[in-house]
1. Right, Q81: in contact with a helix residue (DSSP H, G or I) (Cβ under 7 Å, 6 or more places away or on another chain) and modelled with pLDDT under 80 or not?
2. Find all pairs meeting these conditions: Cβ atoms under 8 angstrom apart; at least six residues apart or on different chains; first residue within region 142-153 and within 15 Å of L181 (Cα to Cα); second residue at pLDDT below 85 and open to solvent by less than 100 Å² (accessible area, probe 1.4 Å).
3. Of the residues that make up region 126-135, is at least one of a type outside the set (A, V, I, L, M) and under 29 Å from I56 (Cβ atoms)?
4. I need the full set of residues from region 153-172 which are in a helix (DSSP H, G or I) and out of contact with any helix residue (DSSP H, G or I) (no Cβ under 9 Å at 6 or more places or on another chain), in order please.
5. From the list S121, S107, which one is exposed (fewer than 15 other Cβ atoms within 10 Å of the Cβ), among the polar types (S, T, N, Q) and not in a helix (DSSP H, G or I)?
6. What are the pairs with Cβ atoms under 9 angstrom where one residue, in region 127-140, is assigned to a helix (DSSP H, G or I) and open to solvent by less than 70 Å² (accessible area, probe 1.4 Å) and the other, located anywhere, is of a type in the set (D, E) and modelled with pLDDT under 85? Sequence gap at least six, or different chains.
7. Give the residue, chosen from L160, L152, that is open to solvent by less than 50 Å² (accessible area, probe 1.4 Å), more than 30 Å from G53 (Cβ to Cβ) and at pLDDT 75 or above.
8. How do the pairs read when you match residues in region 97-108 that are within 15 Å of A61 (Cα to Cα) with residues anywhere that are not aliphatic (A, V, I, L, M), using Cβ under 7 Å and keeping only pairs 6 or more apart or on different chains?
Amino acid sequence: MPRRSNIDSLPTDVRHWLERALTDSNFSGYCQLEEMLAERGYSISKSAIHRYGQKIERRFAAIKASTEAARILTEGASDDQDARSEAVIALVQTEMFESIINLQDASEEDVSPEDRIGLLSKAAKNIATLARASVNQKKFRLEVQEEARKQLLAEQSKKLDALQKKGGVTAETQAAIREALGIV
């Protein structure tokens, strides 16, 4: 198990300052951050700052993805293809993934090996449930799409029949159009 990061042992206000500085610098400028911490009396290497920055950046990316999914949830009133459920499943999957990453990053001081196994077991069961829900949602979406396709073809077929009755389309032309559109 890797040892605890020096950054985790920083006072809360200094760690929060570092987190803000990392986001403000778009997770770059580690040499300058190393110097600024040294000026404050803390000896933290740029490599340690980089590792910590990567961890914070992963969390920000997960939050951003979750926020974007929530925005998508609220767009549009129609939900014939169950897009909201798909977005909710994606949100939960993102959170589960982030939780597993956090569990992997946790030290033995934070989580005992027994607790870690229990948490991973629960996560695996939840992931299996999410996977089933995702498969069922995609199956439902495909069924809705197929039904919409059948309705469209039925409408097109009626319009073709109406054109022939008006005398504007020959039987051969109508057959060719039906074949091109996949209307049986």
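1. Working: in contact with a helix residue (DSSP H, G or I) (Cβ under 7 Å, 6 or more places away or on another chain): yes; modelled with pLDDT under 80: yes.
Judged against the criteria, Q81 is a match.
2. Within 8 Å, the pairs are L153/L181; L153/G182; L153/I183.
3. Yes, there is a match, as at least one residue in region 126-135 is of a type outside the set (A, V, I, L, M) and under 29 Å from I56 (Cβ atoms).
4. The answer is A154, E155, K158, K159, A162, K165, K166, E172.
5. The unique qualifying residue is S107.
6. Correct list of pairs: S134/E86; Q137/D82; Q137/E86.
7. Just one listed residue meets the conditions, L160.
8. The qualifying pairs are E98/R59; I101/R58.
The values are calculated or read from the model by the stated rules, or taken from the named source; none is laboratory data. Being a predicted model, the structure only gives us computed values, none of them experimental. Ideal geometry is used to build each Cβ from the backbone, glycine not excepted, and the neighbour counts take in all protein chains shown. Surface accessibility is based on the protein's heavy atoms, side chains included, excluding ligands, DNA and RNA. Shrake-Rupley method; radii C 1.70, N 1.55, O 1.52, S 1.80 Å.
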